[in-house]
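I have placed the structure first, in the form of structure tokens, so that the comments after it can refer back to it.
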Amino acid sequence: MNEGTLMAFVNKAVGDAGGLLAGSMVVLGDRIGFYRAMSGAGPVTSQELAAATGTKERHVREWLAAQAAAGYISYAGDGRFVLPEEHAVALTQETSPAFVVGLFETVLGATQATDRIAGAMRSGEGMLWSDHDGHVHTGCERFFRPAYVNYLTQAWIPAMDGVAERLESGIAVADVGCGLGASTIRLAQVYPRSRFTGIDPHEGSLDAARKEAADGGVGERITFERATAKELTGRYGLITFFDCLHDLGDPVGALRSVREHLDDDGSVLVVEPIAGDSLEDNLNPVGAVYYGCSTLLCTPNALAQEADVVLGTQAGEGRLTDVARGAGFSRIRRIGESPFNMALELRP
């Protein structure tokens, strides 16, 4: 046995344990407002941060030390800590593509299911998204929303064949697996002449989506309904799947079903987690996060359904193309990507 290799692995494991705890620290810092209070404030003491956030100093002192040890904030000496400007972007600016708090919230929620997933691995059963901790639902929306804000209407929709023009003129749009409605609301805000239907099987998410749509001034042009892709009704010029196709137990059947509801010039936009086509392509930090989420969230959700084709979070463009072709789409092309997503246009 190589003792150096052993200790290097132990040190990595300790770092990963610290990373798991750092995720909880990030969610605390976001929820309580520590990051927002530190942003632009320069070096602060635990007493000053506690006073600014209405918290108790002894708790705050420990949080600051933990975050400094993890490298999220910097220790400036003399009991003072500073949040670097660049870190503040990732921790406080919710519409920035660099915003990471939603990812931490998702992972924190997902790990709550560890015991149940252990049982599912033995039994072969799945676990629906609706059964997960609430941090999963709000975290996913916060994690993926920046991509929708920064790429959806600026890059992905314009890259589709004639879709932007149709949306500007006014068409019907269905957003499958809409969750808390971030994608649906973004489209409605940019294309006021079109009308939108968001569908999702989780009523709690739909309630939150209706409130967000109303608060965003687009509630009258969006209908949120409890349904699955196979229960979709009506005809649409655009049907979208945002970061959800891989969660379905029968993605081929879902795409085949929605294809029947496209109008004569309709198309489908599929946005999925970015991934290469081979395992080796995905053995990197992004792949580690996505494979972990797939183990706890996405694969169990698919296994709780029909489980005909369980894609997993790292399906890759090649496998997604095969699924689309199996559903009857003949024209499939990649139209864009972000650091965490890729976008595909599907046409019959």
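The values are calculated or read from the model by the stated rules, or taken from the named source; none is laboratory data. Predicted model, so just to flag it, every value in this text is computed and none were measured. Neighbour counts run over all protein chains shown; Cβ positions are idealised from the backbone, glycine included. Ligands, DNA and RNA are stripped out before the accessible areas are found, and what is left, the full protein with its side chains, is counted by its heavy atoms. Shrake-Rupley method; radii C 1.70, N 1.55, O 1.52, S 1.80 Å.
With all projection directions averaged, the alpha carbon convex hull of region 1-115 covers 9.6 nm².
Note that region 184-196 has calculated 3J(HN,Hα) couplings of 4, 5, 4, 4, 5, 5, 8, 10, x, 8, 9, 10, 10 Hz, one per residue in order, obtained from phi through the Karplus relation 6.51 cos²θ - 1.76 cosθ + 1.60 (θ = phi - 60°); glycine and proline are x.
Let me make sure I get this right: for region 218-294, a, b and c are the square roots of the gyration tensor eigenvalues over alpha carbons, sorted descending. Under 1.5 in a/c it's rounded, otherwise prolate if a/b > b/c, else oblate. Which is it? Can you show the working numbers first?
Details: a/c = 2.42, a/b = 2.01, b/c = 1.20.
Because a/c hits 1.5 or more and a/b exceeds b/c, region 218-294 counts as prolate.
Taking amide hydrogens as placed 1.01 Å from N in the peptide plane, the amide H of Glu225 sits under 5 Å from those of Gly198, Ile199, Asp200, each at least 5 positions away in sequence or on another chain. Set the Förster radius R0 to 22 Å, insert the Cβ-Cβ distance between Met121 and Glu3 as r into 1/(1 + (r/R0)^6), and round the FRET efficiency to 0.05. Efficiency, from the Cβ-Cβ distance: 0.10. Scattering from region 244-329 was approximated by placing one identical point on each alpha carbon and applying the Debye formula without solvent; log10 I(q)/I(0) at 0.12, 0.19, 0.24 1/Å stands at -0.36, -0.84, -1.17.
The helix-only estimate of mean residue ellipticity at 222 nm for the chain, built from DSSP H runs of length n ≥ 4 each weighted as -39500 (n - 2.57), is -14000 deg cm²/dmol after division by the residue total.
Relative to the present Cα-Cα distance, how much length would full extension add between Thr233 and Arg193 at 0.36 nm per residue of separation? Stretched out fully, the Thr233 to Arg193 stretch lengthens by 12.3 nm. What residue among Asp175, Asp243, Asp265 shows peak mean-square fluctuation when the chain is described by a Gaussian network model with Cα springs under 10 Å? Ranking Asp175, Asp243, Asp265 by mean-square fluctuation puts Asp265 first.
Of the solvent-accessible surface of region 307-348, computed with a 1.4 Å probe over protein heavy atoms with every protein chain present, carbon and sulfur atoms account for 47 percent. Relative to the longest principal axis of the Cα atoms of the chain, the long axis of helix 134-147 lies at roughly 70 degrees.
First check a/c for region 75-168, with a ≥ b ≥ c the square roots of the eigenvalues of its C-alpha gyration tensor; if it is under 1.5, answer rounded, and if not, answer prolate when a/b is larger than b/c or oblate otherwise.
Details: a/c = 3.67, a/b = 1.05, b/c = 3.51.
Here region 75-168 falls in the oblate category.
Once the other residues with Cβ under 15 Å from the Cβ of Tyr75 are scored (Lys, Arg +1; Asp, Glu -1), what is the net sum? Kindly include the intermediate steps, with their values, before the conclusion.
On the way: positive: Arg61, Arg80; negative: Glu48, Glu62, Asp78.
Here the charged neighbours net out to -1.
Based on protein heavy atoms only, region 1-135 ends up with 56 Å² per residue of surface accessible to a 1.4 Å probe. Spatially, region 234-301 and region 124-196 are offset by 13 Å when compared through their Cα centroids.
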